[in-house]
Each structure stands twice: as C-alpha cells, then as structure tokens.
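Below: one structure, written as structure tokens.
The values are calculated or read from the model by the stated rules, or taken from the named source; none is laboratory data. The model shown is predicted, which means the values in this text are computed figures rather than measured ones. Glycine gets a Cβ as well: all are built from the backbone with ideal geometry, and neighbour counts include every protein chain shown. Note: areas computed on protein heavy atoms with side chains; ligands, DNA, RNA excluded. Shrake-Rupley method; radii C 1.70, N 1.55, O 1.52, S 1.80 Å.
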Amino acid sequence: MNNKIKRITLCCSIVLTLAACSNPPSRKNYDYALSQGQIELAEKISLEEGVDATTDTATELLWSLEAGAILRIANQVDRSTKVLDGSELLIKDDETQNLASSSLSQAASMVVNDNVMSYTPRVYDRVMVNTYKALNFWQQANFSDARVEWNRVDDRQRRAAEYFSKEINAQKSEVKSNNIGNSYSQSMEALEGAGIDVSKWAPYDGYINPASLYLHGLYFLINSESAADYNKAKESLKRAYALTRSNQVRADITLANKGRSVAPGVWVIFENGLASRKVERRIDLPLILLTNKVAYTGMALPVLESGAPAYPYLSVNGSQKTESLASMDKIIEGEFKTEFNGILIKEISRAVLKTAAQATMMNSDNKTVKLIGALTGVAQAVSTQADIRSWHALPYDFQVAYVKWPKGGQIQVSPPGGAAINVDLPATPQPVVVYVRVVNASSAPQINVLTSKNAI
C-alpha cells in the first residue's frame, strides 16, 4: 500500500506542476509590456515563446499570433507575414489534427484542465490572421498576394455562421446525452448569482467581423481591376453597412455603385487599443453527488474582462473625427458566448468525474484510501483552473474617417489633447488608406500609407 500512496502522491505532484504552468510568467510579463506600451519587450517575449529564432518559423500557435501582430506594430512587415504564415499552418494542423492525438489530449484535460491541451484558435483568430496578412501585402503594394488573402478572409467569414450553428447543436446534444441538465441549469443560476451575465454577450449577425468585411470591400473598391471587383466591393460594403450602420460605409457604397475608378482621397483606419481578455472566475458547483465528506468541489470558468481603447477617436486635419466601425470586443464576446455553453458542459463533466473519485475514497472505511482521497482533493483544488488563453494584441475597436485629397499632399492625425502627426501622402494623387495602430496612450502611433494599384 505504501507504493500505492507513493504513486498517488507522484500523480498529485504532476497535477500540481501542470496546474502551476497554466499562467506562466512569460504571459504576465508580456501583458505588462503591452499595458505599458513597451512594444520591443512584448516583441522579444512573444518571439522567444512562439517562434524559432533561426528560421522565424512559428512553433506555438498563440504566441506566434501575438508575435505576428506585434511585428506589424513594430513595422517589421516581412517578418510579420512570415510568422503569420506559420501561424496559419498551425491553424490548419489544428483543423486536421490526428483524432487519436486529439482524444488523448481530451482525456488528459478531463483529469487536469484544458491548459494541458494545445490552444484552439477561435474563428476571429483565423479571420484576423488573413486580415493582417492582407494588410501587410497591401502596405507593400503586393496587390496579387493581398488579393489572395482578402479572398481567404471572405471565405472564412462566410463559413463562420455554419461553424457556430453546428457548435450550438452539438452542445444541446451533449447536455442530453450526458444527463447533466439539472447541473447545467443550477450552474447557470450560480453564475448569475456570481454576477456573470452571459446574456449580455451578443455576436454581430452571422458571427461576422465587420472590420475585416469593410476592409475587404474597401480594398476591391480602391484597387478594382474589373466590374467583378466592383461587385465584390459593393457586396462586402453592403453587408458591412447592415452590421454597422456607419455613415462612411454608406458613402463608400455610393462609390462602389458607380462602378468606375475612385477619385483621389484618404481613408483613415484607426486600429485602437487592446481587446477584451479572459480572466478566471471560480464558483461552487451544485452537483447532486456531493457530500460533506468531499474535501473540495467547484469549478473554474473563463469570463471576459472588457478591453480598453487607446483614445476615444483620432482627429484628422484638426476637424474631422474617426467614427466607430466595428468593436473587436463585441466580436470576441459573441463567439465566447456561443462557446461558453460548451466550456460549462465540459467543466461540469470534469468536476463530476473528479468529485466522484474523491467522494468514493473519502467515504471509504479504509484510512489509507481516505488519505488518498484527501490527496486527490488537494490535486482537484489546484488543478481546477480555467483556460484563459486568448490573443491579447488584437485591438479594442476599429474606426474610420475620410477626407478629400489635400492640396499639400499631407494630412494631420492627432489624438485628443495630443500633438498632431504629419502624414506624407504619395506624390501622385490617388485613393489611399492611412492605417493607424495605437496600442495605448503610452505607445507611439504606428502609421502606414496603403496605396492604390490603379495609381502605379
């Protein structure tokens, strides 16, 4: 029996070690660097954690997503694209992963928590990877590759609603098949009692990212090569307007309806702040099987903490302000709301499994078995941790403004109360996008000019 105790103790030690790795120091340091606008430090950490130093090959999905976004902010466009290419390959691996390997990971997660599994990319992750790659190519006037990426963005957006429809149906079936209906209902009540209001999270219709949809339409409007491109622009802009009711999007639809080259002008796109992120919330778990002899029972769930804008708006030429186009927070919240039921169902099932084993041992007449049960209770308490991983370098929201082509070939962009930044435009008047990324008020704006194919 002593050997058995040693084995159980070893297992508990392993569980505790795994649990301690769920929120490593690198993530805390990275988040701190972002919060302070220390882009170089954030870049260093994300590259060390997720990218091979010699080849710039992505080795860990979530960290490579962070690195790809941070490299864009640092204006290392070629390197950003290469890292995001690697991220996309890892996403494809996730989509086609070996079922046996997936089953093994799922089994391990039921014993510990979901942090032992590889990060599963969200739909918005997939869309933003291709959006950022498309913007990188557009910035470099590589219009052929930008076109490919925008088409991929469109394809991913169109598949989003179908994916979540299947996910919702699967969750309903799981509640019925696992006979956890009562525990599910009681858990939802406990969440409401803990101040977690799942109902307030709502996706854009069809789980669409309006910013990516708008940028897709704007790209084909400015860089149209045929009547078919104007139709693409018109379709995307109409869909974006239906979601956003943006005055600027409505004006762009008018341009697309004309079906001819667009006059010189400047669209200012403001990618603003940092998006919402997940934090852990622990609640008591109302399960029928529990007894007062169980050392620990409960569950840990991820909940969303709102993101933060860098500024409420940007002023363009001292008078015009950027207006809201799309909220990345709303996109994240909408997907999370749909996935939350699945997370809750799994956490209930995991807690039942762990607590049933604990209860059996704790209710035994054998003192040694009771001891093992106590150790199991300690392991359960520590290993009950929520998976709070998400892509933190995404923005809080996207904003847009439009001004006519200035006579001096220059516009000014400024945050509220801040100094104006002069932005030089191309020598040849043309429709362009001035793309502004600001992480927070502590960091300098990154500004790039995206030109038109038809002016080259």
Residues of segment 123-165 satisfying the condition of being over 16 Å from residue 210 (Cβ atoms), modelled with pLDDT under 95 and either touching a Phe, Trp or Tyr at 6+ places or on another chain (Cβ under 9 Å) or open to solvent by less than 50 Å² (accessible area, probe 1.4 Å) (or both): 163, 164
Among residues of segment 312-345, those that are more than 21 Å from the chain's Cα centre (by Cα) and either of a type outside the set (Val, Ile, Thr) or at pLDDT 90 or above (or both), counted: 12
Some residue of segment 259-270 being modelled with pLDDT under 95 and surrounded by 17 or more Cβ atoms within 10 Å (Cβ to Cβ): yes
Those residues of segment 394-448 which are open to solvent by 20 Å² or more (accessible area, probe 1.4 Å), more than 15 Å from residue 317 (Cα to Cα) and of a type in the set (Ser, Thr, Tyr), in sequence order: 396, 428, 442
Tabulated pairs, segment 170-194, first over 21 Å from residue 304 (Cα atoms) and part of a loop (DSSP other than H, G, I, E, B), second at pLDDT 70 or above and of a type outside the set (Ser, Thr, Tyr), C-beta under 7 angstrom, 6+ apart or interchain: 180/345; 180/348
Considering residues of segment 208-258 that are under 23 Å from residue 320 (Cα atoms) and β-branched (Val, Ile, Thr) only, the residue most open to solvent (accessible area, probe 1.4 Å): 254
Test result for residue 117, closer than 30 Å to residue 44 by Cβ, modelled with pLDDT of 95 or more and open to solvent by less than 40 Å² (accessible area, probe 1.4 Å): no
Where residue 40 falls short, out of the listed (1) modelled with pLDDT of 95 or more; (2) on the phi > 0 side of the Ramachandran plot; (3) not hydrophobic (A, V, I, L, M, F, W, C): (2)
Members of segment 439-456 that are part of a loop (DSSP other than H, G, I, E, B), in contact with a helix residue (DSSP H, G or I) (Cβ under 7 Å, 6 or more places away or on another chain) and either of a type in the set (Ser, Thr, Tyr) or more than 15 Å from residue 414 (Cα to Cα) (or both): 443, 452
Check on residue 87, modelled with pLDDT of 70 or more and in contact with a Leu (Cβ under 7 Å, 6 or more places away or on another chain): yes
Members of segment 47-71 found to be touching a residue at least 60 places away in the same chain (Cβ under 8 Å) and over 18 Å from residue 148 (Cβ atoms), listed by number: 61, 62, 65, 66, 69, 70
Among the candidates 413, 423, 436, 432, residue that is in a strand (DSSP E or B) and under 14 Å from residue 141 (Cα atoms): 432
Hits in segment 220-254 - residues which are assigned to a helix (DSSP H, G or I) and in contact with a strand residue (DSSP E or B) (Cβ under 9 Å, 6 or more places away or on another chain): 221, 222, 240, 243, 244, 247, 248, 249, 251, 252
